[in-house]
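Beneath this line is the structure, given in structure tokens, with notes to follow.
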Amino acid sequence: MVRDIGGLNETKNTCLEEMVAGFLYTLAHHKKNRMMGAHFYRSGETISRQFHACLLAILKLHVVLLKKPTPIREDCDDERWKYFKNCLDALDGTMILVNVPCDDRPKYRTRKGTIAMNVLGVCSPEMEFTYVLPGWEGSAHDCRILRDAISRPNGLKVPKGCYYLCDGGYTNGEGFLAPYRGHLYHLKEWNNGPRQPQNAEEYFNLRHAKARNVIERCFGLLKGRWGILRSPSWFSLKTHGRIVLACALLHNLVKRYMLAEFDDDDLYEESDSDDDDGDASDEDDVDYITSIAVTDPWTNFRNTMAQNMFNEWRARHRRLSSIMEESSASGGGRGRNKRFWTAQEDEVLVEALSELAVDPHWRCENGFRSGYMVRLEEVIGKALPGCGLKATPHIDSRIKTLGAKFRAISQMLNTSGFVWDDEK
């Protein structure tokens, strides 16, 4: 691709594969020219020249690697996106640490005190970037960057009738659907307890956060894969902006091609369709949004969407509740087996399992011998008379639940950096 589309050619002493390998190694591990020269047995000048040549070649692949936005259809079955018909993608900004001259540091200083570049990113539900705008100062507001993006000739395109999902830092204007302010929004706020949405605004924010979270995960993968984005580099701001674009394109390449087998001809299949003359003529007839402003029709559109979401969820919740009540009243179905365990019952079960684990009569190579469930039922019945716990399905189901939690905790404790805190 860098040879046929990017125009990158091998030199007299360096093959094309070595140039691409050095470029990827620099991005992934954030190595300087001196270390790269020692690793590839090349001079610093050669490493620098080949890096910039490969960088420009990668940027020319945007016609192939940038995903074309497609609106969410009516028949979408994705639980996160089916509520947002005609939504294109999710957008947000992220900070990339940079090194700048002393005179420019006030402009690039963020609200957290770091020197960074503000990058606007847009990604699809498949976690592929559709638009990236780097280069803005870290002190710039997200709305200002978004206005610049939609005003550029080759900037972010927002057709009439479609919209992007954005967080509360953006204006809820035509083409950009933001959550309600003053209500719970972030997923970690909902995960702290069993609290349910109390009104249409809260339920809309919950659904909005679950869908828009894809851009946060996309930024996390991007910075996790390319080490040069996690710490300041000594490249110029212009070059660092190009590096951010190249990393986003390579992210799409990995997401789309690297995880599946493909032929060389398949790489250019999508680019041929994107460059079709018919598509270009259709784009000329589309009206695009060129400004962001709060309007009554767009506010009513969000309110109507939120109320419809909430009514549908409340009706579905009522139907499920009635079904569970009927099943519990009739004593049939799965309602009769449902059991809520107390902390005391869990403690007795774990103690009984610990005793069986050290008992040679019940212990074997693959776990416990047959009949151990009946033994557990007897031990728990003696310790807690009248609890009504049966081997099947109560004890069997609870052991599976505790086993899954134990395996998760055990895996974390075996990971470097994780320790157990008896207080918390």
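The values are calculated or read from the model by the stated rules, or taken from the named source; none is laboratory data. Just so we're clear, the structure is a prediction, and the values are computed from it rather than from any experiment. Virtual Cβ from ideal backbone geometry, glycine too; neighbours counted across all protein chains shown.
One line per residue, one yes/no per condition, for (1) touching a residue at least 12 places away in the same chain (Cβ under 8 Å); (2) more than 30 Å from MET305 (Cα to Cα):
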{"position": "LYS12", "(1), (2)": "no, yes"}
{"position": "LYS32", "(1), (2)": "yes, yes"}
{"position": "ASP75", "(1), (2)": "no, no"}
{"position": "LYS85", "(1), (2)": "yes, no"}
{"position": "THR94", "(1), (2)": "yes, no"}
{"position": "MET117", "(1), (2)": "yes, yes"}
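Every condition in (1) surrounded by fewer than 17 Cβ atoms within 10 Å (Cβ to Cβ); (2) touching a helix residue (DSSP H, G or I) at 6+ places or on another chain (Cβ under 6 Å) is met by PRO159 except one, and the failing one is (2). Looking at segment 276-305 only, could you name the residues that are part of a helix (DSSP H, G or I), surrounded by 10 or more Cβ atoms within 10 Å (Cβ to Cβ) and modelled with pLDDT of 50 or more? Those that are part of a helix (DSSP H, G or I), surrounded by 10 or more Cβ atoms within 10 Å (Cβ to Cβ) and modelled with pLDDT of 50 or more: GLU283, TRP298, THR299, ASN300, PHE301, ARG302, ASN303, THR304, MET305. Any residue that is of a type in the set (Gly, Ala, Ser) and at positive phi - is there at least one of those in segment 28-39? Looking for residues that are of a type in the set (Gly, Ala, Ser) and at positive phi, one finds none in segment 28-39, hence no. Could you check, for segment 149-168, whether at least one of its residues is of a type in the set (A, V, I, L, M, F, W, C), modelled with pLDDT of 90 or more and assigned to a helix (DSSP H, G or I)? Yes.
Okay, residues lined up against (1) aromatic (Phe, Trp, Tyr); (2) in contact (Cβ under 8 Å) with a residue 24 or more places away in the chain:
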site: LEU120; (1), (2): no, yes
site: SER124; (1), (2): no, yes
site: PHE129; (1), (2): yes, yes
site: VAL132; (1), (2): no, yes
site: TRP136; (1), (2): yes, no
site: CYS143; (1), (2): no, yes
site: ARG152; (1), (2): no, no
site: LEU156; (1), (2): no, yes
site: CYS166; (1), (2): no, yes
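Would you check if there is a residue in segment 175-186 being over 21 Å from the mean Cα position of the chain (by Cα) and crowded, with 20+ Cβ neighbours inside 10 Å? Among the residues of segment 175-186, at least one is over 21 Å from the mean Cα position of the chain (by Cα) and crowded, with 20+ Cβ neighbours inside 10 Å, which makes the answer yes.
Of the residues LEU222, LEU146, LEU206, only one is over 30 Å from LEU253 (Cβ atoms) and either under 23 Å from the mean Cα position of the chain (by Cα) or crowded, with 16+ Cβ neighbours inside 10 Å (or both); which? Every option except LEU206 fails the conditions. Pairing residues of segment 342-355 that are under 12 Å from TYR372 (Cα atoms) with residues that are assigned to a helix (DSSP H, G or I) and not aromatic (Phe, Trp, Tyr), at Cβ distances under 6 Å and at least 6 apart in sequence or on separate chains, gives ALA352/LEU376; ALA352/VAL379.
Within segment 21-33, the residues that satisfy the criterion of being modelled with pLDDT of 90 or more, surrounded by fewer than 18 Cβ atoms within 10 Å (Cβ to Cβ) and in a helix (DSSP H, G or I) are ALA21, LEU24, TYR25, ALA28, HIS29.
Of the residues making up segment 17-35, one or more are closer than 30 Å to TYR170 by Cβ and out of contact with any His (no Cβ under 9 Å at 6 or more places or on another chain).
Among the residues of segment 60-80, those identified as in a helix (DSSP H, G or I) and surrounded by 15 or more Cβ atoms within 10 Å (Cβ to Cβ) are HIS62, VAL64, LEU65.
Conditions tested, residue by residue: (1) of a type outside the set (S, T, N, Q); (2) closer than 19 Å to LYS60 by Cα; (3) modelled with pLDDT of 95 or more.
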| residue | (1), (2), (3) |
| --- | --- |
| ALA260 | yes, no, no |
| SER271 | no, yes, no |
| ASP274 | yes, yes, no |
| GLU312 | yes, no, no |
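Screening ASP89 against (1) of a type in the set (Asp, Glu); (2) in a loop (DSSP other than H, G, I, E, B); (3) surrounded by 20 or more Cβ atoms within 10 Å (Cβ to Cβ) leaves a single unmet condition, (2).
Please verify whether ALA200 is crowded, with 20+ Cβ neighbours inside 10 Å, of a type in the set (A, V, I, L, M), within 14 Å of the chain's Cα centre (by Cα) and under 25 Å from GLU312 (Cβ atoms), treating the condition exactly as stated. Here the answer is no, as ALA200 does not meet what is asked. Might you check whether a residue that is in the same structural domain as GLY241 (by TED's automatic domain parsing), crowded, with 19+ Cβ neighbours inside 10 Å and of a type in the set (D, E, K, R) occurs anywhere in segment 110-123? No, segment 110-123 has no match at all. Does SER48 satisfy being at pLDDT 90 or above and in the same structural domain as LEU206 (by TED's automatic domain parsing)? No; evaluated as a whole, the condition is false for this residue. If you check every pair at least six apart or on different chains, which have Cβ atoms under 7 Å apart with a residue in segment 194-223 that is in a helix (DSSP H, G or I) first and a residue that is polar (S, T, N, Q) second? Here the result reads ALA200/GLN307; PHE219/THR94, each pair linking segment 194-223 to a residue that is polar (S, T, N, Q).
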